[in-house]
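The values are calculated or read from the model by the stated rules, or taken from the named source; none is laboratory data. Worth saying up front: this structure is predicted, and the values here are computed from it rather than measured. Positions of Cβ are backbone-derived with ideal geometry, glycine not excepted, and every protein chain shown enters the neighbour counts.
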Amino acid sequence: MRAIGTPRRIGLLGGTFDPVHIGHLRGALEVAEMVGLDEVRLVPNYRPPHRETPYSTAQDRLSMVRLAVQDLAPLSVDARELERDKPSYTVDTLESLRAELDDDDQVFLIMGWDAFCGLPSWHRWDQLLDHCHILVMQRPDADSESPEALRDLLAARSVNDPLTLTGSGGQIAFVWQAPLGVSATRIRQFLASGRSVRFLVPDAVLAYINAHGLYRASN
Ligand code: ATP
């Protein structure tokens with residue numbers, strides 16, 4: 001338990017979560033344990049600016065994330081991006097979260113390597129590190145080369161050991177969690193072709209998918 005007055009260490013894992021799966025959940029849990037985070041909030045996007053329209057509604061995606069993290073401390077859901085009626089830019093989310101925290105609280109933006117590689121197309125991406133540190137999770141099915149646009153940033157800001165990240169933000173570290181080659185795309189494909197996704201998503205999420213007929217070929 002955190003002593004009163006100790007800075008908080010909060011992880012944020014944004015995503016479409018269409019649907020949430022074990023890659024997100026194991027990754028978030030392992031990062032929390034390895035880096036010593038007090039909490040990791042899963043933040044479902046409302047209208048992802050860089051993505052196609054999600055396959056299920058915002059309400060369904062939020063419900064599935066809620067089911068996935070129930071009784072799974074330190075994971076929780078932060079629905080603030082779904083409460084906005086405009087594109088959900090991560091920098092806005094960070095600013096809104098920062099406004100609720102103490103100055104010395106630490107925010108860790110967690111993302112997979114594929115998402116990190118897309119960073120230069122994000123809105124005001126050069127300001128993200130003003131508000132947080134970035135923790136990058138490996139993704140076994142992603143390209144390993146970093147894009148040219150990120151090389152200078154990585155050279156200037158990356159540290160080898162995520163445990164050495166100090167202060168309220170500004171640095172990047174890699175977290176070598178157990179690699180899981182699972183994606184929401186693959187899960188949707190499995191479901192559309194009638195294959196089982198058991199053990200790729202929590203049972204409660206699978207029950208929700210089945211009860212609401214999500215991701216079937218006819219949808
Ligand atoms: P899709 O297949 O629809 O693109 P996805 O499986 O990549 O979805 P997202 O909701 O887009 O899931 O991912 C949210 C975040 O979680 C991203 O930063 C992504 O890189 C990361 N992530 C997703 N799956 C994994 C995984 N298996 N291992 C590590 N990180 C992951």
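For the reader, a short list of remarks on this structure follows.
- Residues within region 97-118 that are over 23 Å from V182 (Cβ atoms) and either hydrophobic (A, V, I, L, M, F, W, C) or surrounded by 14 or more Cβ atoms within 10 Å (Cβ to Cβ) (or both), tallied: 7
- Exactly one residue among V65, V107 is farther than 29 Å from Q189 by Cβ and either modelled with pLDDT of 95 or more or part of a helix (DSSP H, G or I) (or both), and that residue is V107.
- Flag for F174 being more than 27 Å from D60 (Cβ to Cβ), surrounded by 12 or more Cβ atoms within 10 Å (Cβ to Cβ) and without any contact (Cβ under 8 Å) to a residue 60 or more places away in the chain: yes
- With respect to (1) in contact with a strand residue (DSSP E or B) (Cβ under 8 Å, 6 or more places away or on another chain); (2) more than 12 Å from the ligand (Cβ to nearest atom); (3) at pLDDT 95 or above, the lone exception for I187 is condition (2).
- When S121, S196 are checked against the criterion of being surrounded by fewer than 17 Cβ atoms within 10 Å (Cβ to Cβ) and at pLDDT 95 or above, a single residue qualifies: S196.
- Scanning region 9-48 for residues that are touching a strand residue (DSSP E or B) at 6+ places or on another chain (Cβ under 9 Å), more than 10 Å from the ligand (Cβ to nearest atom) and modelled with pLDDT under 95 yields no hits at all.
- Restricted to helices (runs of 4 or more DSSP H) entirely inside region 130-219, those with at least 1 residues that are basic (K, R) and at negative phi are 148-157, 184-192.
- Evaluation of T57 against the conditions (1) at pLDDT below 95; (2) over 16 Å from V205 (Cβ atoms) shows that the sole unmet condition is (2).
- Members of region 142-173 that are of a type in the set (V, I, T) and either closer than 16 Å to W113 by Cα or within 16 Å of the ligand (Cβ to nearest atom) (or both): V159, I172
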